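Inspection log for the structure reproduced underneath, given as structure tokens.
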């Protein structure tokens, strides 16, 4: 009888623990502070809201629990190496970028391209291959100095340290590449970011925009995630039009490469500049 009671008590304790866990998850989903946090810090400007048709990006229900905690100044995130650690951001495996370069060659006739800008270029591996194999004027934009310091010496001086959330004066480039950037730009800075891309691009813009968030326990880096159709529609409110043929060609070419990041393929799109 005593053994039976112990089993019943153990089951009740396990059930209570499980129900408490469900309660915590439910509380996270309905936590009013989560929505106040977005209202206060991560709401689109009136300009972006008018272009996109709604007030907020996709809501990361874990964002107020992630570490490090986001800190803001005038609705801009205070960026530091705790949020974007050098160890976490330096891509030592260059194979995805080498394959990306191969896909570029198969998608575009690079012999007829004179200039290429990589926005958010990391350590510049795509620039490295373009400069090595083609007579193309290359340039990269990065925020953290450590990315430039870890770039190959042949293209290190081609990387400019800039804040994409500010207006940037720069020449136009025939191809602008911008992968894994849009979702990292806080809503209050999207006006400048998108105007920069519009001003930088002479002919083609290759871009991704994530609709997902870091896994549980990951840092709060994706603050402007968008569904794919919303991303395309937003870009097309500027001087861009999705080039369906080149987008399909790029995606199909990428399927032949095992190191090409799958999350690039989820949203990678080729836009063409229109007058």
message: Given the options 148, 132, 87, 75, name the one that is surrounded by 14 or more Cβ atoms within 10 Å (Cβ to Cβ) and free of Cβ contacts under 8 Å to residues at least 40 places away in the same chain.
response: 148
query: If you take just the helices (runs of 4 or more DSSP H) that sit entirely in the range 1-100, which of them hold at least 3 residues that are more than 18 Å from residue 181 (Cα to Cα) and at pLDDT 85 or above?
result: 32-41, 46-52
message: With crowded, with 16+ Cβ neighbours inside 10 Å, touching a residue at least 24 places away in the same chain (Cβ under 8 Å) and within 19 Å of the chain's Cα centre (by Cα) as the only criterion, which of 140, 124 stands out?
response: 124
- prompt: Here is a list of conditions, (1) over 30 Å from residue 43 (Cβ atoms); (2) crowded, with 20+ Cβ neighbours inside 10 Å; (3) touching a residue at least 40 places away in the same chain (Cβ under 8 Å), and residue 115 meets all of them except one; can you say which number that is?
  reply: (2)
message: Residues to consider are 201, 208, 212; find the one that is buried (at least 16 other Cβ atoms within 10 Å of the Cβ), closer than 30 Å to residue 74 by Cβ, under 15 Å from the mean Cα position of the chain (by Cα) and assigned by TED's automatic domain parsing to the domain that holds residue 126.
response: 208
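The values are calculated or read from the model by the stated rules, or taken from the named source; none is laboratory data. Note that the structure is a prediction, hence the values are computed from the model and not measured. Positions of Cβ are backbone-derived with ideal geometry, glycine not excepted, and every protein chain shown enters the neighbour counts.
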